[in-house]
1. Scan the stretch 67-121 for residues that are among the hydrophobic types (A, V, I, L, M, F, W, C), touching a strand residue (DSSP E or B) at 6+ places or on another chain (Cβ under 8 Å) and not in a helix (DSSP H, G or I) and jot them down.
2. Scanning the stretch 139-180 for residues that are under 19 Å from Glu221 (Cα atoms) and touching a Leu at 6+ places or on another chain (Cβ under 6 Å), which turns out surrounded by the fewest Cβ atoms within 10 Å (Cβ to Cβ)?
3. State whether one or more residues within the stretch 37-46 are without any contact (Cβ under 8 Å) to a residue 40 or more places away in the chain, closer than 14 Å to Val80 by Cβ and not in a loop (DSSP other than H, G, I, E, B).
4. Just the residues that are surrounded by fewer than 18 Cβ atoms within 10 Å (Cβ to Cβ), outside any helix (DSSP H, G or I) and not charged (D, E, K, R), please, taken from the stretch 1-36.
5. Using beta carbons and a limit of 6 Å, which pairs, at least six apart or on different chains, have the first residue in the stretch 89-117 and in contact (Cβ under 8 Å) with a residue 40 or more places away in the chain and the second one among the β-branched types (Val, Ile, Thr) and part of a helix (DSSP H, G or I)?
6. Mind checking which pairs have a first residue in the stretch 18-34 that is in contact (Cβ under 8 Å) with a residue 60 or more places away in the chain and a second that is part of a strand (DSSP E or B), Cβ under 6 Å, 6 or more apart or different chains?
7. Taking the stretch 48-68 as the region of interest, how many residues are surrounded by fewer than 18 Cβ atoms within 10 Å (Cβ to Cβ), farther than 14 Å from Leu79 by Cα and in contact (Cβ under 8 Å) with a residue 40 or more places away in the chain?
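Just so it is clear, none of the values below were taken in a lab; they were calculated from the coordinates. Treat the numbers as computed from the prediction; the structure is a model and nothing was measured. Note that each Cβ is placed from the backbone with ideal geometry, even for glycine, and that neighbours are counted across all protein chains shown.
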Amino acid sequence: MARVALVTGGTRGIGRAIVERLKADGMQVAAGYSGNDKAAEDCARELGVMVIKGNVGNFADCQNAVQAVEKQLGPIDVLVNNAGITRDGAFHKMNSEQWGEVIRVNLDSLFNMTRQVIEGMRERQWGRIINISSVNGQKGQAGQTNYSTAKAGVIGFTKALALENARKGVTVNCIAPGYIDTEMVQAVPAKILEEIVAGIPVGRLGKGEEIADMVAFLAGEQAGYVTGSTLSLNGGQYMAG
């Protein structure tokens with residue numbers, strides 16, 4: 001029977017690339033999203049996957065989303081915590097909502113989503129949890145204290161949860177992408193984007209498909225000995241020891 005995967009933030013950008021790859025690998029895939037109904041409709045129609053709307057920063061929404069997916073597709077075997085937002089600004093000018101919204105969506109969401117599926121994975125003795133962090137969670141970034149904090153927390157969450165579940169056949173890993181060629185990155189002013197690319201040793205932005213390839217490996221049967229890892233896909237921009 002085909003594995004069932006749920007990808008949060010799965011209808012655009014990196015998330016959509018992940019959804020497309022997991023579907024191509026034979027999984028039954030659901031793509032979570034929060035607001036862009038048009039993108040969700042396009043994703044469902046073009047990829048032939050289930051889409052489910054909800055706010056990952058809200059525990060009840062996550063509970064309802066998982067229940068809907070499991071009712072339609074079956075128990076979730078693979079959870080990709082990909083949803084994320086930015087609310088950039090210098091910390092000394094940042095308000096509590098800029099801080100709180102980023103923490104809720106980028107970090108609290110890991111509890112909200114993973115808590116819904118972890119018991120089932122443990123009972124079935126198989127599961128894959130893949131969390132999407134960021135290069136800025138590893139190295140920090142001026143103007144992104146909120147985002148960097150949340151994405152660094154993703155790495156800590158990954159390590160601790162991996163230790164708790166290793167003997168239950170559930171792996172927990174993290175991918176820390178650098179700058180990927182998505183709508184969000186392309187919206188950066190051209191001059192700033194040129195400066196960003198100039199600082200990447202391979203000399204280009206990453207591709208969503210490259211992140212999806214790594215997710216596909218971690219989600220597969222062959223990755224059972226990989227857990228608690230943070231895999232850096234940033235073109236050499238930051239090399240974590």
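1. Leu73, Ile76, Val78, Leu79, Val80, Ala83
2. Asn173
3. no
4. Passing the criteria: Met1, Ala2, Gly26, Gly35, Asn36.
5. So the pair list comes out as Phe91/Thr145; Gln116/Val66.
6. From residues that are in contact (Cβ under 8 Å) with a residue 60 or more places away in the chain, the pairs are Ile18/Val7; Ile18/Val80; Leu22/Ala5; Leu22/Val29; Met27/Ala5.
7. Adding up the residues that qualify gives 2.
Matching residues to (1) in contact with a helix residue (DSSP H, G or I) (Cβ under 8 Å, 6 or more places away or on another chain); (2) closer than 28 Å to Val78 by Cα; (3) polar (S, T, N, Q):
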| site | (1), (2), (3) |
| --- | --- |
| Val197 | no, no, no |
| Val202 | no, no, no |
| Glu209 | yes, yes, no |
| Ala219 | yes, yes, no |
| Tyr225 | no, yes, no |
